[in-house]
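Note sheet for the following structure.
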């Protein structure tokens with residue numbers, strides 16, 4: 001049996017009220033001191049420390065009512081915190097990425113300058129793209145820890161941390177334009193194409209697409225308790241999620257064309273792999289009865305884009321028939337991935353019931 005920790009119990013109790021944004025630092029100190037004094041008095045009367053703490057909390061009142069009362073007194077505090085979070089959020093999602101992209105462009109330029117289009121340069125850039133993707137999804141994994149860190153810092157020193165978070169935005173506005181002026185083409189994509197390698201270009205598209213995938217995952221996991229898990233995105237997917245997911249998968253699948261594979265059948269197979277994986281995930285993790293409907297909605301975006309844009313591209317190229325390969329690959333891989341995912345999900349449920 002775990003021993004009762006009074007310090008931790010009081011910290012958690014005050015934290016519940018503070019989390020609702022209605023408690024100032026002086027209020028928290030006063031409430032903490034009152035709980036310590038009341039608990040000590042009751043403990044001396046013969047109650048255990050845990051019992052004394054519980055009675056002291058009851059005497060103070062319900063957490064929600066206390067938060068409401070403090071909220072009436074400190075109305076502006078909650079509003080100030082909302083504005084603080086908005087400013088910090090803007091600085092994190094604008095300032096830091098702007099600096100990061102400028103540094104990445106500078107990194108590409110330095111690698112090209114010293115190694116040109118050598119095999120070593122290609123390996124460096126591809127490795128960087130892989131590490132970039134891993135880093136993006138690591139941020140998702142630790143989103144709870146990051147948000148707790150930001151919240152704790154803003155609780156302690158609100159103005160200082162808002163000011164500090166603004167530095168990347170200011171630096172990016174002043175410095176990033178000069179970095180891009182130093183670089184030929186003034187864009188990251190131009191620098192990637194200078195390496196004249198299809199794998200570099202393909203890995204670049206994968207790295208670029210990891211950002212909207214991460215943002216999409218973050219948005220649709222906000223109403224989920226606990227740590228982030230990708231499978232939780234697919235258990236009860238909404239129509240909006242399925243449409244956005246389908247659009248991103250289509251962009252990922254279309255990026256395989258950057259590999260410039262001469263064999264059209266092989267290129268179509270590479271294209272379809274993304275649809276196979278996506279439909280498999282939807283079928284395997286989906287816990288609703290509408291698996292087929294979910295896959296149909298998800299596939300519709302890619303089918304429409306591939307059919308319409310592909311046919312127009314075929315006409316422009318001069319009566320070519322490339323679209324048939326890609327649409328067939330899309331439908332075949334979605335069907336195979338969906339059937340395989342559903343079968344394995346059924347087998348997993350059966351094993352759980354044994």
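The values are calculated or read from the model by the stated rules, or taken from the named source; none is laboratory data. Please read these numbers as outputs of a predicted model, since none were measured by experiment. Please note: Cβ atoms are built from the backbone with ideal geometry, for glycine as well, and neighbour counts cover all protein chains shown.
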- Note on the structure: Checked 264, 259 against criteria (within 15 Å of residue 327 (Cα to Cα) and either assigned by TED's automatic domain parsing to the domain that holds residue 348 or under 22 Å from the mean Cα position of the chain (by Cα) (or both)); the one match is 264
- Message: I need a count of the residues in region 313-347 that are touching a helix residue (DSSP H, G or I) at 6+ places or on another chain (Cβ under 9 Å), over 16 Å from residue 272 (Cα atoms), exposed (fewer than 15 other Cβ atoms within 10 Å of the Cβ) and free of Cβ contacts under 8 Å to residues at least 60 places away in the same chain.
- Response: 4
- If you scan region 105-121, which residues turn out to be under 18 Å from residue 259 (Cα atoms) and surrounded by 19 or more Cβ atoms within 10 Å (Cβ to Cβ)? 121
- Before we move on, is residue 310 surrounded by 15 or more Cβ atoms within 10 Å (Cβ to Cβ) and farther than 16 Å from residue 274 by Cα? yes
- Task: Would you confirm whether any residue within region 163-179 is in contact with a helix residue (DSSP H, G or I) (Cβ under 6 Å, 6 or more places away or on another chain), on the phi > 0 side of the Ramachandran plot and modelled with pLDDT under 80?
- Result: no
- Task: Report, by residue number, each residue of region 140-162 that is out of contact with any helix residue (DSSP H, G or I) (no Cβ under 7 Å at 6 or more places or on another chain) and over 25 Å from residue 80 (Cβ atoms).
- Result: 141, 142
- Query: Residues 206, 216, 244: which one is part of a helix (DSSP H, G or I), assigned by TED's automatic domain parsing to the domain that holds residue 260, touching a helix residue (DSSP H, G or I) at 6+ places or on another chain (Cβ under 8 Å) and buried (at least 16 other Cβ atoms within 10 Å of the Cβ)?
  - Reply: 244
